[in-house]
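> Would you mind keeping the following structure in view while I ask a few things?
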């Protein structure tokens, strides 16, 4: 079943980032930032946040980071992650367990196949 949420805020077990945001649809991130900021503020999160834009940007432009001051994102701090490591592993694990997010997306069949293959589900 496709989630009604447009994103998921997930705590990471270790690494450079304590939290990550996975986008679960093809909404633009600027449309989601207000909601994401409220979610992070509620959780009392502060610091660098990792993002996975798999369904929005694809495999080549997937992982980003941004600074969050506890209330808002510093929009000029958004940048691609060069070495996503733990972020990639946690994200792939989530999508592998929730493969219906990819299956039920509006992506073309070829992209679904490629994404599932990238997370180890083909």
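> Could you grab me the full set of residues in the stretch 82-122 that are at pLDDT 90 or above, outside any helix (DSSP H, G or I) and surrounded by 17 or more Cβ atoms within 10 Å (Cβ to Cβ)?
Within the stretch 82-122, 84 is the sole residue that qualifies.
> While we're on this one: When you scan the stretch 94-105, how many residues do you find that are free of Cβ contacts under 8 Å to residues at least 12 places away in the same chain and either under 13 Å from the mean Cα position of the chain (by Cα) or within 10 Å of residue 54 (Cβ to Cβ) (or both)?
Of the residues in the stretch 94-105, 0 are free of Cβ contacts under 8 Å to residues at least 12 places away in the same chain and either under 13 Å from the mean Cα position of the chain (by Cα) or within 10 Å of residue 54 (Cβ to Cβ) (or both).
> Quick check on residue 33: is it in a helix (DSSP H, G or I) and within 14 Å of the chain's Cα centre (by Cα)?
Yes: the conditions hold for residue 33.
> Regarding residue 64, is this residue modelled with pLDDT of 90 or more, out of contact with any helix residue (DSSP H, G or I) (no Cβ under 7 Å at 6 or more places or on another chain), surrounded by 12 or more Cβ atoms within 10 Å (Cβ to Cβ) and not in a helix (DSSP H, G or I)?
Answer is yes for this residue.
Each row is one residue, and each column tells you yes or no for (1) touching a residue at least 40 places away in the same chain (Cβ under 8 Å); (2) in contact with a strand residue (DSSP E or B) (Cβ under 6 Å, 6 or more places away or on another chain).
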residue: 32; (1), (2): no, yes
residue: 47; (1), (2): no, no
residue: 50; (1), (2): no, yes
residue: 53; (1), (2): no, yes
residue: 57; (1), (2): no, no
residue: 81; (1), (2): no, yes
residue: 107; (1), (2): yes, no
residue: 110; (1), (2): no, no
residue: 115; (1), (2): yes, no
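> Which condition number does residue 72 fail, the rest of (1) in contact with a helix residue (DSSP H, G or I) (Cβ under 6 Å, 6 or more places away or on another chain); (2) under 23 Å from residue 108 (Cα atoms) being met?
The number of the failed condition is (2).
The values are calculated or read from the model by the stated rules, or taken from the named source; none is laboratory data. Small disclaimer: the values here were computed from a predicted structure and weren't measured. Cβ: placed from backbone, ideal geometry, glycine included. Neighbour counts: every protein chain shown.
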